[in-house]
Amino acid sequence: APWAWSSRGQSSAGGVGLSRSVLLERSTCVLGASEEGGEESRERQVLASVETYAKRLEQACFAADPFWALVERSIPGLASDPDLERFRGFCHNLKNEPPGEIEIDRSSGREVLRQFTYPELPSPACFHHPSDFDWVAGTLSMPDFVAKAKEELGAVLAMTPLFDDDRPPSEDESDGTSWTQGGWYGSQYLPLRARQVEFQRTIQAMVSGEVPYSHRFVGIARQKAQSIGRTHSDHRNYVLSTLTGVDVPEGCGICVGGETRDLREGETLILDNTFPHHIFNHGERDRFVLIAEVWHPDLGPKERDAMRSLFALKDLYTLVHLQAAPWGFTDDVLESAISDGSILKMGFWR
């Protein structure tokens, strides 16, 4: 297969799987999170250092000629297929645009990273109507689907409780097998691919229902009762976010580009998260939603397939050449894939 690697870095699982706890510890050490300012200041620095370290891994891929040589060998028609012209422009941006530079639309407030801009996508709206997507009514908003997700979530919470929001992140609480802290107080996340066994029925339903989930986050997001999230943009114009209410009290919602929508259990919202947005939970209990970041509907089949391959190859390159665990994969999952050989199969990463 064109993505096959030499045996370098594959002979032992030890040292290959870099869990988020190790990433947290290493990034704190390498980037120098300070104790000054107390626990809250340290918490912010540690979270920022983890994010920075992950971005450095990402940029190490995009700056590496061997990575792009692998991409060229692995994606059919990359050099000449007219259906991939915009994708070639996206790859050009990944390789050549300065990391971290944000382009802001002054009229709408949209914020997009220049490096991650997919060319020539149509003008966006803050919210998309769920009826425009068959997989919403056919899967995400189906009562049976929501019931399965809620049941599996309950089982996971029994095995992996939420951590204390008032404590700074520690190595034990951020190891990729448990909930991880979001970018503001009260938010915790759990990627489905980190708990594939426990969320097996939810994942199978999304696959069989052809939900066009992307390489980015697909998982459970929890928001603490009586809390409001930080206003932010996710900066990538080639995906939309879906929020499906799994366990939602009254008084929950999201504000996107100045437009506010309520979150309700069993219903799905679809939004363009390049607009500044924030969530809120004015209810009396925690709120849980299933987030699936899906491909922008204007991307054609070949473009979606190329994007899946590109980011799958990035994860593979991160593991084998950079000796670090791609985000959302636990050490147990990676060690199992290394031992049975599936680590070199594109299907594992896609």
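The values are calculated or read from the model by the stated rules, or taken from the named source; none is laboratory data. It should be emphasised that the depicted structure is a prediction, and the values quoted were computed from it without experimental measurement. For neighbour counting, all protein chains shown are included, and Cβ atoms are generated from backbone atoms with ideal geometry for every residue, glycine included. Areas reflect the complete protein model, heavy atoms only, side chains present, ligands, DNA and RNA absent. Shrake-Rupley method; radii C 1.70, N 1.55, O 1.52, S 1.80 Å.
Numerical summary
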quantity: Descending semi-axes in Å of the range 197-321, equivalent ellipsoid built from Cα gyration tensor; calculated: 27, 17, 14
quantity: Span per principal axis, largest first, for the Cα atoms of the range 81-157 (Å); calculated: 45, 33, 30
quantity: Area of Arg216 that stays accessible when all protein chains are in place (1.4 Å probe, Å², to 10); calculated: 70
quantity: Counted charge near Ile343, where neighbours are those whose Cβ lies closer than 11 Å (Asp, Glu -1; Lys, Arg +1); calculated: -2
quantity: Phi-based couplings in Hz for the range 194-205 (Karplus 6.51, -1.76, 1.60; Gly and Pro marked x); calculated: 7, 9, 5, 5, 5, 9, 4, 5, 5, 5, 4, 5
quantity: Proximal charge balance of Phe127 [Cβ under 13 Å; K/R count +1, D/E count -1]; calculated: -4
quantity: Heavy-atom accessible area ranking, 1.4 Å probe, most first, across Thr231, Thr180, Thr117; calculated: Thr231, Thr117, Thr180
quantity: Reduced Cα scattering model of the range 201-243, Debye log10 I(q)/I(0), q = 0.13, 0.18, 0.19, 0.28 Å⁻¹; calculated: -0.43, -0.74, -0.80, -1.15
quantity: Ellipsoid semi-axes in whole angstrom, largest first, where each is sqrt(5λ) of the Cα gyration tensor of the range 262-350; calculated: 32, 20, 12
quantity: Square roots of 5 times each gyration tensor eigenvalue, C-alpha, the range 81-212, largest first, Å; calculated: 33, 24, 16
quantity: Cα-only radius of gyration and Dmax that characterise the range 297-344, units Å; calculated: 12.9, 39
quantity: Given charges at beta-carbon only (K, R positive; D, E negative), |dipole| of the range 61-205 in Debye; calculated: 260
quantity: Simple label model, 7 Å out from Cα along Cβ direction - Glu259 to Asp81, nm; calculated: 3.3
quantity: Stokes-Einstein D for the range 229-285, Kirkwood Rh over Cα pairs, 37 °C, 0.692 mPa s (µm²/s); calculated: 281
quantity: Accessible area (Å², 1.4 Å probe, nearest 10) - Phe329; calculated: 10
